[in-house]
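**Student:** Encoded as structure tokens, here's the structure I'll be asking about.
Bear in mind that the values in this text are calculations on the coordinates, not laboratory data. None of the values given here were measured: they were computed from a predicted structure. Positions of Cβ are backbone-derived with ideal geometry, glycine not excepted, and every protein chain shown enters the neighbour counts.
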Amino acid sequence: MAMRSMIFRKMCEESDAKRDEGLTTPPEIERFDDIKYGSDKQWQVLDVYRPKALSGKLPVIVSFHGGGWVYGDKNVYQFYCMELARRGFAVVNYSYRIAPEYRFPAPFEDTNMVFGWILKNAEQYGFDLDNLFAVGDSAGAMGIALYACICTDKEYAKMYSFTVPEGLKFKGLALNCGIYQTKDAGIIKMLKDFLEKKDYPAILEKLSVVSLVNGSFPPCYIMTSNEDFLREEPKALMESLDKVGVKYRYKLYGDEEHPLGHVFHCNVKSEFAAQANDDECSFFKELMGIK
């Protein structure tokens, strides 16, 4: 493994463990853990969370976790995802194969399998497929946005060997503290561990969300924070969405008195995270016609 990835993983593991220390499953949440959606027992697994007080079909949120393509799994995101479930959703929290052990397009192959699993198991877990949403942060925002491009652009989809499940349609996305271009030197450096040498750097431009979105891209909530090192990223994305006429809502959280860093919304102990997650779920409910 590249030394860069090892250092990054260790740093994230320590930070996330400290963030989530003492947290347990909320009593109002029912969880279904370690469900296999593929053959890899370590990576191709998912959890489903539902609020116990609600029965029948629920709108669905699927979480594409962040971690620079080299870190993270469903365990890291369980408490954040259960917070979303508390707001009236069935939430699918999945792991996917990460780099450098597994490189592009492994996360997209796994994500496609997850959505295939969701469509096949909608009745068992009470998924309302007419109200299917997804969230992603940092590299995960880039990931779910690119997957949405695969689903809405037949020409772009030809770059991938898999076929999008028939009938799959997003009602909306939430893109949090995300990466949407591949021009920044730091982003390019990060992607070196994700891409095969034979693909790099020629494939970089094919991973730039801002150049891929079209009029069929889902409505989205786009957020960042005042101390996020990626806080300038949404500007180009919003310009692209404006050009193709896609609905979006943008919010920058934090101020001088309340500095908020990258992916602050994953810290479920924070009142600012609660507000951001409330806002995104409210946006989803608006798309459903619920005020």
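**Student:** Once you sort the root eigenvalues of the Cα gyration tensor of segment 180-291 as a ≥ b ≥ c, which label holds: rounded (a/c under 1.5), prolate (a/b larger than b/c) or oblate (the other case)?
**Tutor:** oblate
**Student:** If exposed means no more than 13 neighbouring beta carbons inside 10 Å and the site is in a DSSP loop, what's the longest run of the chain without any exposed GluC sites (Glu not before Pro)?
**Tutor:** My reading of the result: 29-100 is the longest stretch.
**Student:** State log₁₀ I(q)/I(0) for the chain at q = 0.11, 0.16 Å⁻¹ as given by the Debye formula over alpha-carbon point scatterers of equal weight, solvent excluded.
**Tutor:** -0.59, -1.43
**Student:** Here's a follow-up. Please compute the net charge surrounding V48, taking Lys and Arg as +1 and Asp and Glu as -1 over other residues with Cβ under 12 Å from its Cβ.
**Tutor:** -1
**Student:** Note down the net charge around L260, summing +1 for each Lys or Arg and -1 for each Asp or Glu among other residues with Cβ under 12 Å from its Cβ.
**Tutor:** Surrounding charge for L260 is -4.
**Student:** Taking 19 Å as the cut-off for C-alpha to C-alpha distance, list the pairs among K57/K171; K52/K169; K74/K158; K171/K247; K158/K206; K57/K169 that go past it.
**Tutor:** Pairs exceeding 19 Å: K52/K169; K74/K158.
**Student:** As a footprinting exposure proxy, order S95, S55 by other Cβ within 10 Å, with the fewest listed first.
**Tutor:** So the residues, fewest neighbours to most, are S55, S95.
**Student:** Loop only by DSSP, 16 or fewer other Cβ within 10 Å of the Cβ. Give me the chymotrypsin sites (Phe, Trp or Tyr not before Pro) in segment 168-244 that pass, ordered by residue number.
**Tutor:** F229
**Student:** By count of other Cβ within 10 Å, fewest leading, how are M82, M113, M3 ordered?
**Tutor:** With the sparsest Cβ surroundings first, the list reads M3, M113, M82.
**Student:** When a footprinting reagent is the concern and you count Cβ atoms within 10 Å, what order do W69, W43 take, fewest first?
**Tutor:** Neighbour counts put them in this order, fewest first: W43, W69.
**Student:** Looking at the chain only, what percent of DSSP beta bridges run antiparallel? Nearest 5 please.
**Tutor:** Antiparallel bridges: around 30 percent, rounded to the nearest 5.
**Student:** Using alpha-carbon positions, what is the distance between the centroids of segment 21-92 and segment 178-195, in Å?
**Tutor:** 27 Å
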